[in-house]
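The values are calculated or read from the model by the stated rules, or taken from the named source; none is laboratory data. Remember, predicted model here, so these are calculated numbers, not experimental data. Positions of Cβ are backbone-derived with ideal geometry, glycine not excepted, and every protein chain shown enters the neighbour counts. We work out accessible area using only protein heavy atoms, side chains counted, and drop any ligands, DNA or RNA first. Shrake-Rupley method; radii C 1.70, N 1.55, O 1.52, S 1.80 Å.
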Amino acid sequence: MKRVWVMTLAALSGCQGKAGPELAGDLSGFALPEATARPAFSLTTLAGDSFDFRARTAGRLTLLFFGYTNCPDVCPATMANIGAVTNRLPSAERREFDVIFVTTDPDRDTPERLGPWLAKFDREIIGLTGSAAQLEAAQRAAGITVAFRDDSTGNYNVFHAAQVLVYSPDDSAHVMYPFGTRQAEWGADLPKLLTRWSGR
Amino acid sequence: MTWWCAATGQPWSWAWRAYPGVWLFIGLLALLYWRFGRTTGGTGSRWFAAGLVLLWLALDWPLGALGGYLASAHTGQYILIALAAPPLLLLGLRDRAAQAGAGAARWLRTLAGPVPAFLGYNLIMLGTHVPEVVDGLMVSQLGSFAIDLLWLIGGLMLWWPVVAPPALQRLSPPLAMAYLFIQTIPAIFPAAFLVFADYPLYRLYELAPRVSEGYTPRYDHQVAGLLMKIVGDPVVWIGIGVVFFRWANAERRKDLAAAGR
């Protein structure tokens, strides 16, 4: 099997400080040097409807991750760890936030493939897809490095950012979670994130 | 060249891989036994060979390699290395130990005491299941080798009080059975943590590339904890059974001898 290369957040401008990323207080995620506004981009849901990210998630805690279903390591581990925690939450609490997975491999991640794959982790995860141009625009709007294939033939891999972007109810991202965030950390942080930066 | 199985973080593949360090290790043990450990006659060589086979199965591909991806495979290795292989290896060395000189016999008899064996085995067993130790050591070949070696040493300590030749034994059969049973108790703690923890204990296995999509880290941890007790304990119970039946046979022979007198 081919070796998989995934770019990590350390390569991204948002967390490259002189002293390196710092933990966000009592959270396990890393504090962003500056809060960034909830990005504006429009993609397509697995049902084929248009999804305006900023409008549809405004005022809500939102976990945003870019990945692909053929990813052999980072994507399944990240989604499994989030899903292991979100599936345990009472339904009322679960309805208070969104988990959004945007494919970086639209050719292979058809709705028929992406839907069941996401449902294995959490049936409430919102899967989004789009054209190559739309997906590139979404990644640029989110401030992450744009994903690309290692080649265009056969069982290719996709280089993609590996962090989970977290937008708070104040419509800004103050913190992000790199690959390696554990279930226990998500379990401890999600309840805090629901009320942090929310004015509650 | 990868010499010893360790956690690589690479996607899992069922393609066979060579681990020459494992072959060298098994070969070295066989060589040392052939040179110093075997005795003429008896079945010691067969026991030792059986122990080596179990050790090889635990350390080499695929189980050894899977031990870097799955907590349950890691526990399978533990059962083979620390619980199943050592009594067979020691049975192979039993006759040679019986012939040991006075100096060697003294420390072999000391090691056959239940207290050093209990402390030695359980310190190793508990210490090598601490999450920080597993997460820290399993990511390097040397660290993984250290864990495997410690398990083997711990297993030899566990079984020696029971397998040692009569001249070196310090436990009567009833005490040996009680000793073996007590040795299974401390493993309840890591097993319970693995089964009942809200979240996976080991970072390594929680974040490792998936071997099978449906086999989640939490399920993997739970299987590991169950294996430790449901498979690990019966291996020790077999030892208890052997001690019991040998004791019963010995008593029967004594009774027959007394009746025939």
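Things to note:
- From helices alone, chain B scores -21500 deg cm²/dmol at 222 nm; the rule is -39500 (n - 2.57) for each run of n ≥ 4 DSSP H residues, then divide by the residue total.
- Ligands, DNA and RNA left out, the 1.4 Å accessible surface of region B:20-260 is 73% carbon and sulfur atoms.
- In the assembled protein chains, B:Tyr202 presents an accessible area of approximately 10 Å² (probe radius 1.4 Å).
- Percentage of interatomic Cα-Cα distances in region B:21-138 larger than 21 Å: 49 percent
- For the Cα trace of region B:95-212, dividing Rg by the Kirkwood Rh returns an Rg/Rh value of 1.09.
- Residue-averaged beta-carbon neighbours from other chains (10 angstrom radius) around A:83-95: 1
- Spin-label pair B:Val115/A:Ser91, simplified geometry with 7 Å Cα→Cβ offset, distance in nm: 6.1 nm
- For region B:185-251, the solvent-accessible area with a 1.4 angstrom probe is 50 square angstrom per residue.
- Proportion of all alpha-carbon pairs of region B:160-261 beyond 15 Å (%): 71 percent
- Nearest 10 degrees, 0 to 90: helix B:85-98 Cα axis against chain B principal axis: 30 degrees
- Whole-number accessible area per residue in Å² for region A:52-200, which is evaluated in the context of all protein chains at 1.4 Å: 37 Å²
- Candidates B:Ile147, B:Ile79, B:Ile230, ranked by Gaussian network fluctuation over chain B, Cα under 10 Å, top entry: B:Ile230
- Mean ellipticity per residue at 222 nm, deg cm²/dmol - from DSSP H runs of n ≥ 4 across chain A, formula -39500 (n - 2.57): -8000 deg cm²/dmol
- Carbon plus sulfur fraction of accessible area for chain A, probe 1.4 Å, in percent: 52 percent
- Point-to-point label distance, B:Ala250-B:Phe193, nm (Cα→Cβ direction, 7 Å offset): 3.8 nm
- Between B:Leu142 and B:Trp14, full extension at 0.36 nm per residue minus the direct alpha carbon distance yields a gain of 43.8 nm.
- Springs join every pair of Cα atoms under 10 Å in this Gaussian network model of chain B, and among B:Gly232, B:Gly143, B:Gly154 the largest mean-square fluctuation is at B:Gly143.
- Percent of Cα pairs exceeding the 32 Å cut-off, where the set is the protein assembly as shown: 50 percent
- Test item: B:215-228 mean partner chain Cβ contacts at 10 Å: 1
- Interface area, chains B and A: about 1500 Å² of buried accessible surface, summed, with a 1.4 Å probe and ligands, DNA and RNA left out.
- Separation in nanometres of the label points that stand 7 Å from Cα toward Cβ, at B:Arg38 and B:Val130: 4.1 nm
- Cα centroid of region B:77-109 to Cα centroid of region A:136-200, whole Å: 55 Å
- Convex hull projection area averaged over all views, region A:138-200, Cα basis, nm²: 5.6 nm²
- Take each residue of peptide A:73-81, count the partner chain Cβ atoms within 10 Å of its Cβ, and average: the result is 4.
- Counted residue by residue at 0.36 nm each, then reduced by the alpha carbon distance between them, the extension gain from B:Tyr215 to B:Trp23 reaches 66.1 nm.
- Using only Cα coordinates, the Kirkwood hydrodynamic radius of chain B works out to 19.5 Å.
- Projecting the Cα atoms of B:Pro20, B:Gly92, B:Phe193 onto the dipole axis of region B:20-260, where Lys and Arg carry +1 and Asp and Glu carry -1 at the beta carbon, places B:Gly92 farthest toward the positive end.
- Across region B:20-260, the relative contact order, built from alpha-carbon pairs under 8 Å that are at least six residues apart, equals 23 percent.
- Nearest 10 degrees, 0 to 90: helix B:20-32 Cα axis against chain B principal axis: 10 degrees
- For region A:38-109 versus region B:195-253, the gap between their alpha-carbon centres in whole angstrom: 37 Å
- Each Cα pair under 8 Å and six or more residues apart adds its separation to the average, and for chain A the resulting relative contact order is 32 percent.
- Taken about its Cα centre, region A:49-200 carries a charge dipole of about 460 debye when Lys and Arg each add +1 at the Cβ and Asp and Glu each add -1 at the Cβ.
- When the alpha carbon gyration tensor of chain A is reduced to an equivalent ellipsoid, the three semi-axes, largest first, read 24, 20, 17 Å.
- Between the Cα long axis of helix B:141-163 and the first principal axis of chain B there is an angle of about 20°, rounded to the nearest 10.
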